[in-house]
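Only one structure is covered here, and it is reproduced in the block below.
The values are calculated or read from the model by the stated rules, or taken from the named source; none is laboratory data. Just so you know, these numbers come straight off a predicted model, no measurement behind them. Because the Cβ atoms are built from the backbone with ideal geometry, glycine has one as well, and the counts that use them run over all protein chains shown. These area figures cover heavy atoms from the full protein model, side chains too; ligands, DNA and RNA do not enter into them. Shrake-Rupley method; radii C 1.70, N 1.55, O 1.52, S 1.80 Å.
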Amino acid sequence: MTNRWVDVDGLHNARDLGGVPLKDGGATSFGVVLRGETVVHLTADGIEQLRSLGVRHVLDLREPDERELDGDGLLAGAYQRSDVLHEAVPLARAQVAADPIGRVHDAEPIAARYAAYLDNGGFRLADALARTAWSRSALYVHCAVGKDRTGVVSALLLKLAGADDDAVVQDYLLTEQRLVPVLMRLGSRPAYAHLATPDWPAQQPNEEAMRIFLAHLRSRGGAAHWLLDRGVDSETLRLLVARLAGDAMGARRVG
């Protein structure tokens, strides 16, 4: 897999979903979806760097209590002016400190939580992702760390594009390389006081959990079925796959 890290001032864990190999050959497109951690530490330079990457749409997966306590940093002004489309789609349905992710070690409960994130996103998540099909903007998807909630949405998109499980897992595991600075910085903020002394083994990306989650998604018909079942029409789905996969073959996958 090619180097997909994106240098943005104020972010440690930002990377492009482009460059992930696809089962039918080729790779996902660069400049369509970026994934990462909370935007609250973005500097003015970092915001301009995101703009230069084409980001005009942010999908925020944090819970209301997270956002209320931690805010949106300098991007708040851009959201208020509608310079950037901001969509908040909480996935945990729990106060951030009560979410068991980051404290459990076994793969099964983590995978079950990942499946719950997807269900909790529901129609709102599907609708937010569908906008990317018709847009020329890049989408920045984030939660707090950029590992679990963001990992679930990224996995859904990569499976939709045609990546196999191994490629999805490799993308998910990349966060391990940037986890320490992200958690150390978050732990000093009021919204994430529970991370001041993190359970480091529990915070690591769990490969087995992601594989169980992917099997669960497949048992429910796969990524395309999930989106179609939540109101995304077939033409929007075809265009979304084409943007993600970056070739005519990708457009035919849903066909």
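Worth a mention:
- Computed helical MRE - 222 nm, the chain, DSSP H runs ≥ 4 contributing -39500 (n - 2.57), nearest 500: -14000 deg cm²/dmol
- Per principal axis, descending, Cα span of the range 6-73 in whole Å: 44, 26, 20
- Percent carbon-and-sulfur accessible area, the range 1-122, ignoring ligands, DNA and RNA, probe 1.4 Å: 50
- Amide H contacts of Asp99 (H built 1.01 Å from N, in plane; Pro and chain starts excluded): no residue 5 or more places away or on another chain comes under 5 Å.
- Kyte-Doolittle at least 0.0, axis length at least 27 Å by Cα - qualifying DSSP helices, the chain: 107-133
- Dipole of the chain, positive end: most advanced residue of Gln95, Ala209, Leu160 [Cβ charges, Cα centre]: Leu160
- Local net charge near Ala107, Cβ-Cβ under 9 Å (Lys/Arg +1, Asp/Glu -1): -3
- Shown for the range 155-255: the carbon plus sulfur share of the solvent-accessible area, taken with all protein chains present and a 1.4 angstrom probe, equals 52%.
- Estimated dipole of the range 143-255 in Debye, rounded to 20 [Cβ of Lys and Arg +1, of Asp and Glu -1, Cα centre]: 320
- Here the range 189-233 is described by how far its Cα atoms reach on the three principal axes: 43, 25, 9 Å, from widest to narrowest.
- Cut-off under 5 Å, modelled amide H: who pairs with Val33 long-range: Leu17, Gly18, Leu139
- Rounded to whole Å, sorted largest first: equivalent-ellipsoid semi-axes of the chain, Cα gyration tensor: 26, 22, 17
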